[in-house]
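The values are calculated or read from the model by the stated rules, or taken from the named source; none is laboratory data. What you see is a predicted model, and the numbers here were worked out from it, not measured in a lab. A quick note on method: Cβ atoms are made from the backbone with ideal geometry, for glycine too, and the neighbour counts reach across all protein chains shown.
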Amino acid sequence: MNEKMLKKLANYRVLYAEDEAGVRKNVYELLGLLFKDVYLAHDGEEAYRLFEEHKPDLVITDIKMPRLSGIELVKKIRQNDAHAQIIIITAYTEVDFMLEAIELSLLRYIVKPITEPKLFDALEKFLQASEKEHLKALAADWFYDILQKSVTHGADMYELTKKEAKFIELLLQKDSIITYAEIEEKLWEGEYMSLNALRLMIKNLRKKLPEGVLKNIQGIGYKL
């Protein structure tokens, strides 16, 4: 796994569920070096409680656990979250398990023993899937990265300020005109927004966006 991927993983939170102490300790320590936060569960019920509490970006779970198996855990998660990214660790390779895994829309499964190459391969798949969700198209070959709070164009990346990122996200969420009143409320958060301050933010932001993508609707606000 290259340095760029390692840097991206450091922005995510993972839930790891494993009942076997030796395996749990080794994998937990490795995940702790890679992820922003690691939530550790010793069984399926604890894993589900932690999932509901923290809503992690990724779930990695063993299949054979007490109180609630990995398959039962995934089914329970899927009842309320069809898009959760889940990797299952298993000692099984039987056809019945494979068919059930397909139905649960797993991101990946890892057959024990767990090795770094197997884990890193699964984590690369996670990054690929996550980037599809986090990248929002602004124009041809121009994207806004929700996670990194940046705009990318080919190999170029433009970091946004907190206000600039909030502004772009508002425009993407609403997909219509954002009024001056909404901009003041959401970006200035109760403070007075001067016209000069707004113009300066827009001027700087336009330098990081494709030409013509940000449109001013005179007397009303802005839209993409």
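The requirement of being modelled with pLDDT of 95 or more and in contact with a strand residue (DSSP E or B) (Cβ under 7 Å, 6 or more places away or on another chain) is satisfied by Lys208.
Please determine, by comparing only the residues of the range 204-224 that are assigned to a loop (DSSP other than H, G, I, E, B) and over 25 Å from the mean Cα position of the chain (by Cα), which one is farthest from Val151 (Cα to Cα).
Initially, the range 204-224 is screened for residues assigned to a loop (DSSP other than H, G, I, E, B), giving 207-214, 218-220, 224.
Now drop any that are not over 25 Å from the mean Cα position of the chain (by Cα), which leaves 207, 211-214, 218-220.
On the way: Lys207: 11, Glu211: 13, Gly212: 15, Val213: 13, Leu214: 13, Gln218: 25, Gly219: 27, Ile220: 25 Å.
Per the criteria, the residue is Gly219.
Among the strands (runs of 3 or more DSSP E) confined to the range 15-131, the ones with at least 1 residues that are among the charged types (D, E, K, R) and crowded, with 16+ Cβ neighbours inside 10 Å are located at 58-62, 108-111.
Only one of Leu170, Leu187, Leu135, Leu147 is over 18 Å from Ile220 (Cα atoms) and in contact with a helix residue (DSSP H, G or I) (Cβ under 7 Å, 6 or more places away or on another chain). Can you tell me which?
Numbers: Leu170 fails: over 18 Å from Ile220 (Cα atoms); Leu187 fails: over 18 Å from Ile220 (Cα atoms); Leu135 fails: in contact with a helix residue (DSSP H, G or I) (Cβ under 7 Å, 6 or more places away or on another chain).
After applying the criteria, what remains is Leu147.
Looking at the range 176-203, which of its residues are outside any helix (DSSP H, G or I) and out of contact with any Gly (no Cβ under 6 Å at 6 or more places or on another chain)? If you could, list the steps in order and put the result at the bottom.
Here is the first cut: in the range 176-203, the residues outside any helix (DSSP H, G or I) are 176-179, 188-194.
Ser176, Trp188, Glu189, Gly190, Glu191, Tyr192, Met193, Ser194 - these are the residues of the range 176-203 that are outside any helix (DSSP H, G or I) and out of contact with any Gly (no Cβ under 6 Å at 6 or more places or on another chain).
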